[in-house]
Amino acid sequence: MKRQTTAAAGGRQGRILVVDDVAIVRKSISLTLTSAGYDVVTAEDGEQAIKILRESEDPLTVDTILCDLRMPTINGAEAVAYFRREYPSVPVVVLTAYPDVESAVSLMRQGVLDFLVKPVLQDELLTVVKRAVGQNAMRKDPVAS
C-alpha cells in the first residue's frame, strides 16, 4: 500500500482508493488525482485493498474506490462484490483494459457507479471521481429537517 496526500492541508477533495495490479497505472492515476487535490491510497490487488479497508479505523473515510477488473489473487469482480457488500455507501468505479458489455452490465447491477476503459483520459477520470465523491458526500450529510 502506498499513500499519497495533497499538499493543501485540510483542503482535500476526498480520499480515493486506487486498486490496480499495474504499478504505472496506479502511479498515473494517483498523480492525476493528487494534482486535483485528492488524497490517494493505492493497492496492487483486491486482497491488499480489502486488507486496507479492514484495518482502517473508519472505512467511510474512503470516499470512492477505483478498481481494476483483471488482477491476481482476488480479482476485481470479487473485490467489487466485497466492497458493495461491506461498504455499500462507498461508490465503486471499475477500470478495465478489456471492455466487455456483459461484465459492465453485471457490475452496474451490483451497484458499481461507473465503468471506465483504460487508458482513461484525465478529464474523464476527474469527472467520474468528482461525481462519485459528491454522491458519497450526499450520503454522509445528515438530512436537514
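The values are calculated or read from the model by the stated rules, or taken from the named source; none is laboratory data. Note that this is a predicted model, so its numbers are computed, not measured. Because the Cβ atoms are built from the backbone with ideal geometry, glycine has one as well, and the counts that use them run over all protein chains shown. To get the accessible areas, we keep the full protein, side chains included, count just its heavy atoms, and leave off ligands, DNA and RNA. Shrake-Rupley method; radii C 1.70, N 1.55, O 1.52, S 1.80 Å.
Number of residues in the range 84-104 that are under 17 Å from residue 19 (Cβ atoms) and acidic (Asp, Glu) equals 1.
Please enumerate the residues belonging to the range 69-107 that are of a type in the set (Ser, Thr, Tyr) and open to solvent by 10 Å² or more (accessible area, probe 1.4 Å). I'd like the intermediate steps shown before the answer.
Applying the first criterion (of a type in the set (Ser, Thr, Tyr)) to the range 69-107 yields 73, 82, 87, 89, 96, 98, 103, 106.
If the condition is that a residue be of a type in the set (Ser, Thr, Tyr) and open to solvent by 10 Å² or more (accessible area, probe 1.4 Å), then 73, 82, 87, 89, 98, 103, 106 are the ones that fit.
Summed over the range 46-68, the residues that are open to solvent by 20 Å² or more (accessible area, probe 1.4 Å) and either closer than 19 Å to residue 113 by Cβ or not in a helix (DSSP H, G or I) (or both) give a count of 6. Looking at this structure, is residue 119 open to solvent by 80 Å² or more (accessible area, probe 1.4 Å), in a loop (DSSP other than H, G, I, E, B) and modelled with pLDDT under 90? Judged against the criteria, residue 119 is not a match.
If you go through the range 13-26 and pick out every residue that is in a helix (DSSP H, G or I) and within 14 Å of the chain's Cα centre (by Cα), you end up with 2.
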